[in-house]
Amino acid sequence: MNDDDALAALAALAHPTRLTTYRLLVRHEPEGLTTGQLVEATGLTQSTFSTHLAVLVHAGLVVSERSGRHFIQRARIDTLRALMLFLARDCCQGRADLCAPLIAELTCC
């Protein structure tokens with residue numbers, strides 16, 4: 001992941017609706033959720049939600065797949081992993097004393 005990719009992902013997640021949507025999709029991996037289920041969960045109109053979804057897709061955080069008459073939205077866990085590693089490596093710059101507590105906190109829960 002490079003700076004531009006990280007900025008796109010962070011900017012996409014910097015909106016409450018998009019962060020909520022992404023959290024829902026991560027929790028429903030690997031099966032994903034239909035666009036209709038996400039619209040219902042957010043309480044937005046289809047057109048408003050589509051705008052938010054497009055930002056997540058453009059940032060590489062969500063992938064949309066057609067399944068019959070529905071579109072299934074799935075979180076791209078590989079992008080999440082890349083973003084987390086990018087932040088940890090870039091911020092910690094290989095210093096185990098900075099990264100170890102973060103990793104320990106992630107593995108504890």
Verdict on LEU80 being of a type outside the set (S, T, N, Q), closer than 20 Å to MET1 by Cα and out of contact with any strand residue (DSSP E or B) (no Cβ under 8 Å at 6 or more places or on another chain) | yes
Scanning region 22-40 for residues that are under 20 Å from GLY68 (Cα atoms) and exposed (fewer than 15 other Cβ atoms within 10 Å of the Cβ), the one nearest to the chain's Cα centre (by Cα) turns out to be GLU29
Flag for VAL63 being under 16 Å from the mean Cα position of the chain (by Cα), more than 19 Å from ASP3 (Cβ to Cβ), without any contact (Cβ under 8 Å) to a residue 40 or more places away in the chain and outside any helix (DSSP H, G or I) | yes
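Which one is surrounded by the most Cβ atoms within 10 Å (Cβ to Cβ) among residues in region 79-109 that are small (Gly, Ala, Ser) and over 20 Å from the mean Cα position of the chain (by Cα)?
ALA100
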Of the conditions (1) more than 26 Å from CYS91 (Cβ to Cβ); (2) modelled with pLDDT of 95 or more, HIS70 fails just one. Which one is it?
-> (2)
Any chance you could count how many residues in region 38-81 are in contact with a Lys or Arg (Cβ under 7 Å, 6 or more places away or on another chain), closer than 14 Å to THR20 by Cα and aliphatic (A, V, I, L, M)?
-> 4
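The values are calculated or read from the model by the stated rules, or taken from the named source; none is laboratory data. On a predicted model such as this, the values are computed, not experimentally measured, just so you know. Heads up, the Cβs are rebuilt from the backbone with ideal geometry, glycines too, and the neighbour counts pull from every protein chain shown.
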